[in-house]
Amino acid sequence: MKILRMHIPSSRQEQQKIATVLTNADKEIELLEQQLANFQQEKKALMQVLLTGKKRVVVDG
């Protein structure tokens with residue numbers, strides 16, 4: 001069995017700062033995950049438009 005040693009900040013102020021940083025990181029991750037889901041949905045919709053032939057891609061040669 002391994003023993004894991006962790007430093008726990010003794011001051012309440014330091015603990016609060018760490019909690020704030022972690023909370024902000026969680027919020028940013030949630031926003032990025034939502035943005036990714038939106039992009040995936042947009043890609044799916046655009047692919048459907050292309051595959052049904054409703055929109056044509058013009059390639060300049």
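The values are calculated or read from the model by the stated rules, or taken from the named source; none is laboratory data. This structure is a prediction, so every number in the text was calculated from the model and none was measured. Counting neighbours? That spans all protein chains shown, and the Cβs are built from the backbone with ideal geometry, glycine included. Just the protein is used for accessible areas: all its heavy atoms, side chains included, with ligands, DNA and RNA removed. Shrake-Rupley method; radii C 1.70, N 1.55, O 1.52, S 1.80 Å.
What a 1.4 Å probe finds exposed on the chain is 58% carbon and sulfur by accessible area, rounded to a whole percent.
Of all lysines in the structure, those lying under 28 Å Cα to Cα from K54, and not within fewer than 8 positions of it along the same chain, are K43, K44. Of the residues L51, L46, the one with the largest accessible area comes first in the ranking L51, L46, computed with a 1.4 Å probe on protein heavy atoms.
With N residues in the chain, what two-decimal value do you get for its Cα radius of gyration over 2.2 N^0.38 Å? Intermediate results must be reported in sequence, preceding the final value.
Working: Rg = 23.6 Å, N = 61, 2.2 N^0.38 = 10.5 Å.
Taking N as the residue count of the chain, the ratio is 2.25.
Sort out the exposed loop trypsin sites (Lys or Arg not before Pro) in the chain (DSSP loop, at most 16 other Cβ within 10 Å) and tell me the longest stretch that has none.
6-53
With all protein chains kept in place, the per residue accessible area of the chain amounts to 108 square angstrom at a probe of 1.4 angstrom.
Model label points for N38 and D60, set 7 angstrom from Cα along the Cα-to-Cβ axis, are 3.0 nm apart. Taken about its Cα centre, the chain carries a charge dipole of about 160 debye when Lys and Arg each add +1 at the Cβ and Asp and Glu each add -1 at the Cβ.
Taking a straight Cα-Cα cut-off under 27 Å and skipping sequence neighbours fewer than 8 places away in the same chain, the lysines within cross-link reach of K17 are K27.
For the chain, the 222 nm mean residue ellipticity estimated from helices alone, with every DSSP H stretch of n ≥ 4 adding -39500 (n - 2.57) and the total spread over all residues, rounds to -24000 deg cm²/dmol. Taking all protein chains together and rolling a 1.4 Å probe, M47 ends up with roughly 90 Å² accessible.
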